[in-house]
Each structure stands twice: as C-alpha cells, then as structure tokens.
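A.B. asks: Shown below is the structure under consideration.
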Amino acid sequence: MSTVVIVGSQWGDEGKGKVIDYLASEADVVVRGQGGNNAGHTVVVGDKKYALHLIPSGILNKKAVNVIGNGVVFDPEGFLKEIDGLEAKGIDTSTIKISERAHVVFPYHKEIDRLAEEARGKSKIGTTVKGIGPTYMDKVERSGIRICDLMNEEVFELKTRAQIEAKNQIITKIYGGQPLNADEIIANYKAFADRIRPYVADTTVIVYDAVKANKKVLLEGAQGTLLDIDFGTYPYVTSSHPISGGFAIGAGIGPNMIEEVIGITKAYTTRVGKGPFVTELEDETGDRIRVAGNEFGTTTGRARRCGWLDLVIVDFAARVNGMTCMSLMLLDVLSGFETLKICTGYEYEGQIIKHFPADLNVLAKCKPVYTELPGWKEDITKCETYDALPAEAKKYIETIEEHVGIPVKIVSVGPKRSQTIIRDSIYRA
Ligand code: GDP
Ligand code: IMO
Ligand code: MG
C-alpha cells in the first residue's frame, strides 16, 4: 500500500500543484477529493506554464489515472474549458474519471455566490465567486444535482427546472437580482452532459482497487488547512474539508488506507481573501515577498497578502492532518534578506499562546512572537542537493523541523520540476 495525501498547511497556494506534478511521475492514480475550480494549481514544465483548477495536477504525466472524486463540486463549463485548453497544448485528457456522485455547479450557484458576497458588504469573505459555497449548501440541504442526475436526461431536466425555479425566488426576492433562464441553462447542460459522459465512472472502485493492488495513489488536496470549514479561520474559509481526513469521504476510502501525509508549506505565509493574519506584513517587506514570489492568484489574479512564516499555523496543521512530513516551498523567494523571522507563538493579553485559537476575536488581538534567523545572500535556484544549500538556509529548514517535530522531506527552490530537492523517499515500499 502506498497512499500519499498532499495537503496545504496554510491558507492555500503553498505550491501543492508543483509537488503533485512531481510525485505524479511515479503515481498510478491521482485523486481530487474536495473543492472545485476555486483551486488554482500552477505547474511549470520546461518553458510551459499550466494553470489547473478542477483537473488533477497529475494530468501532465502520461501514466496516471486522474480522478475527480465524489467530494468535489464539479463545474462542467469550467471543466470543459480546461479540457479544451489542455488538449490544445497536446495534453491527453482521456485518463480523467469523474465520480457519478460529485455535485454539479450551476449558474445559479455562481450568481448566489456573487449576490451573497455583495450583500455581506464590509464583512465579505472574498470568495472566488465560483459558486462553491452555494453548491455545498445544496448538497448538505439534500437538494443538489449530481453527475449521475446529469447523465439521466429526464431526471436531470425535472430536477434542474425545479431548482432554477426555487433559486430564482432567492435571486429575485432576497437579493433583488435578475431571474435566470431555465431553458437556456438546461440546453447548455445537456450539451455539457454529452461531452462529459465518457469520463464518468464509479471512482471509489478505481481508487480502492488501486490501493488494494499496492499501486501508488496520490490524494491531491486543494485549498489549505486554514480554509477548512471546521478548522480554518471561520467564516473566512471555503465550504469543504481540505484536511487529510476530508479524503476518507471525498475519495471514498477508509482512513486506515492513508499512510503518508505531506504538508505542503510555503517558506513564508500568504492568503487571499479576508480574515485575520497574525504575521501579515503590510509594508515594504511584504511587497518584496509578493514580487519575488509572484504572489498573484492563479484563479482570480488577486494580489496575495504576504507575511513571515507562522509556525503556530503549521503546528496546528500538523496536528489536525496527522502530517508525517513537510515539503518546504518557495525557499528561493527568501534569498537576499538580511534577517528572517519565524513566528513560534502568539502573545495574547500578556500570555503566550502556542495553539491556534478558534475565536477570530482572539486571533485579531494576537501579536506574533518571532525567532530571528540570519538570511542568506546566494541565489539557491540552482541548488540540486540539500548539501548545496547555504548554511543559513539549512538552519532555517532545521529550525522548522525541530519546532514542528516532523521532517522536511522535500525542499523546493523554484517553480520547475528540476528545482526540487528530495531528501527522503515519499512512497513507501
Ligand atoms: P497551489 O494552489 O498550492 O498549487 O499553489 P499555486 O500554484 O496557486 O501557487 C504557487 C506558485 O508558486 C505557483 O506559481 C508555482 O509555480 C510557484 N512555485 C512553486 N514552487 C515554487 C518554488 O519553490 N519557488 C518559486 N519561486 N515558485 C514556486
Ligand atoms: P488552492 O487549491 C487560496 C479562498 C478564497 C476565499 C475563501 C472562500 O489554489 O490553494 P470559495 O470560493 O472557496 O468559497 O472562497 O477561500 N480560497 C483559496 N485561497 N487558494 C485556494 O485554492 C483557494 N480556494 C479558495 O480566496 O478567501
Ligand atoms: Mg493555488
């Protein structure tokens, strides 16, 4: 058995796509288990850059089967656009399998996402406006439409017409918006259904059989721990479970089948959207990190908020995910700083807090307690081994390992596949 989970240990955009693409060269199956096309995973292969949203980042490797699991919310229009974009670049997309249990995103979900954000005014969440929250709301409310419904023309039309009618009431009467045209939506979705049909499968069987046959299965988390609906900075979160446990449900496998949990950890911290951020740098240092790290969103193009590495967050992520190791990303971005800061605790009303608090009112008042470390001047983007890294960079990595209590098995020093230092094997024999 060799089942590996990739999770974001911060607020997303940690570089999960790069690591998944790297590890997918050996994987048999790559699985997305939650979220939707709110995710933006950038993968750089040679001179080409790929932005993946709904399609697993294993797609750029020929061997792996790429599964969109039952826990994902599936936007057919976004999916087909992505397929067309990849096919135009010569990528074979026939390895994709979509769960018949996944819930479908409709235009009314996106419209309600947009209108709800507008209505929130100052307390808006800063969603990606991809209809993610409203689609999960329908799933939990038991009025959602699934891929298996989309595959059945009669059932689909009946259910969708009823939903559009109900949602138009909300759009017009609660938000004062314009009603959506049911005939148009149904006609469009029937056309989408025809194109999607060949990809649809009972993905739980594919994943289970691969695990049982001792194949290499890579479970691709989207978003990050602090965006988890239970463990994140609620309500400034997404509506799914990006933590490792989310895969037991979102991919349909037993939790005892998960072996390695890699926490993808950026060497500093970023977040998009609103909500408290203890180590945020709203100054020249933050700007410098943003420019050096090209911290602009893959999905929405928004400038990401930047700050020093926060180990209170990474510690918390290690705990709730059962992280067995870390992959430290974008270390090259920190080259050239005289001094680097790592947050190892929060000061709250004169007390030191070590555990990430649930209450945002507490979090908003927390001040970072920093350990300062010397920086390095060298460009590290060409370092191919751990030993080739400057002593200060190694000290930075080892300080993180010591604090979190798990090893950093991968160090990333640039966006390309070749800019990856593997310190220890990931898949177990
Ligand atoms: P994801 O959502 O976790 O997959 O991360 P994103 O793709 O949204 O953001 C990470 C960005 O950093 C992407 O543009 C990657 O190409 C880039 N990246 C990944 N690893 C490294 C690295 O080690 N160094 C640098 N400079 N960029 C990296
Ligand atoms: P990847 O997989 C960073 C954030 C949004 C917003 C909140 C809720 O690329 O790491 P949603 O549209 O999900 O309802 O928005 O979650 N968010 C992300 N931030 N990376 C992501 O994905 C994100 N997906 C959602 O910015 O704050
Ligand atoms: Mg991203």
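A.B. asks: Report the accessible area of ASP84, computed with a 1.4 Å probe over the heavy atoms of all protein chains in place, in Å² rounded to the nearest 10.
C.D. replies: Approximately 80 Å² of ASP84 is accessible to the 1.4 Å probe.
A.B. asks: Additional query: Classify segment 1-69 as rounded, prolate or oblate, taking a ≥ b ≥ c as the square roots of the eigenvalues of its Cα gyration tensor: rounded when a/c is under 1.5, otherwise prolate if a/b is larger than b/c and oblate if not.
C.D. replies: Here segment 1-69 falls in the rounded category.
A.B. asks: Then there is this: Let me see the pair-distance distribution of segment 348-391: every alpha carbon pair, 10 Å bin width, integer percents in order.
C.D. replies: 21, 28, 16, 28, 7
A.B. asks: Tally the DSSP beta bridges in the chain and give the antiparallel ones as a percent, rounded to 5.
C.D. replies: About 40 percent, rounded to the nearest 5.
A.B. asks: When the Cα centres of segment 197-275 and segment 71-90 are compared, how far apart do they sit, in Å?
C.D. replies: 20
A.B. asks: Sorted by accessible area with a 1.4 angstrom probe, largest first, how do THR135, THR385 fall?
C.D. replies: Accessible-area ranking of THR135, THR385, largest first: THR385, THR135.
A.B. asks: Report GLU402's accessible area, 1.4 Å probe, all protein chains in place, as a number in Å² to the nearest 10.
C.D. replies: Counting only protein heavy atoms, GLU402 exposes about 150 Å² to solvent.
A.B. asks: Could you please put VAL291, VAL237 in sequence from largest to smallest accessible area, using a 1.4 Å probe?
C.D. replies: The ranking, largest first, comes out as VAL291, VAL237.
A.B. asks: What is the set of long-range amide H partners of PHE296 at a cut-off below 5 Å, with H atoms built 1.01 Å from backbone N?
C.D. replies: The answer is ARG304.
A.B. asks: Karplus couplings for segment 233-238 from phi (6.51 cos²θ - 1.76 cosθ + 1.60, θ = phi - 60°), rounded to Hz, Gly and Pro as x?
C.D. replies: Those phi angles translate into 7, 4, x, 7, 9, 9 Hz.
A.B. asks: Can I ask one more? Can you tell me the dipole magnitude for the chain around its Cα centre, using point charges on the Cβ only (Lys, Arg +1; Asp, Glu -1), in Debye to the nearest 20?
C.D. replies: Roughly 320 debye, rounded to the nearest 20.
A.B. asks: As a test of reading the structure, rank SER425, SER2, SER143 by solvent-accessible area (1.4 Å probe, protein chains only), most first.
C.D. replies: SER425, SER143, SER2
A.B. asks: For the chain, with all protein chains present and a 1.4 Å probe, just round the carbon and sulfur fraction of the accessible area to a whole percent.
C.D. replies: Here carbon and sulfur together make up 50 percent of the probe-accessible area.
A.B. asks: Using the alpha-carbon centroid of each, what span in Å lies between segment 303-361 and segment 403-420?
C.D. replies: Segment 303-361 and segment 403-420 have Cα centres spaced 16 Å from each other.
A.B. asks: Hey, another quick one. If I build a Gaussian network model for the chain, linking alpha-carbon pairs within less than 10 angstrom, which residue out of GLN163, GLN34, GLN351 has the largest mean-square fluctuation?
C.D. replies: Between GLN163, GLN34, GLN351, it is GLN351 that shows the largest mean-square fluctuation.
A.B. asks: Take the Cα radius of gyration of the chain and divide it by 2.2 N^0.38 Å, with N its residue count; two decimals is plenty.
C.D. replies: Normalised by 2.2 N^0.38 Å, the Cα Rg of the chain equals 0.98.
A.B. asks: May I pose another question? Under the rule a/c < 1.5 gives rounded, and otherwise a/b versus b/c splits prolate from oblate, where does segment 83-185 land using the Cα gyration tensor?
C.D. replies: oblate
A.B. asks: Taking the Cα centre as origin and putting +1 on Lys and Arg beta-carbons and -1 on Asp and Glu beta-carbons, what dipole magnitude results for segment 278-426, to the nearest 20 debye?
C.D. replies: Charge dipole, segment 278-426, about its Cα centre: 460 debye, nearest 20.
A.B. asks: Just the accessible area per residue of the chain, please: how many Å² with a 1.4 Å probe?
C.D. replies: Ligands and nucleic acids excluded, the result is 42 Å² per residue.
A.B. asks: Could you work out [θ]222 nm for the chain from helices alone, using -39500 (n - 2.57) per DSSP H run of at least four and dividing by all its residues? Round to the nearest 500 deg cm²/dmol.
C.D. replies: Calculated at 222 nm, the ellipticity per residue is -9500 deg cm²/dmol.
A.B. asks: Would you kindly find the accessible area of CYS306, with a 1.4 Å probe and non-protein molecules such as ligands, DNA and RNA excluded, rounding to the nearest 10 Å²?
C.D. replies: Number for this one is 0 Å².
A.B. asks: Taking the 0 to 90 degree range and rounding to the nearest ten, how far is the long axis of helix 182-196 tilted relative to the main principal axis of the chain, both from C-alpha atoms?
C.D. replies: The helix 182-196 is inclined about 70 degrees to the chain.
The values are calculated or read from the model by the stated rules, or taken from the named source; none is laboratory data. Just so we're clear, the structure is a prediction, and the values are computed from it rather than from any experiment. Cβ sites come from the backbone with ideal geometry, for glycine too, and all protein chains shown count toward neighbours. Side chains are part of the model used for accessible areas, which takes the heavy atoms of the whole protein and leaves out ligands, DNA and RNA. Shrake-Rupley method; radii C 1.70, N 1.55, O 1.52, S 1.80 Å.
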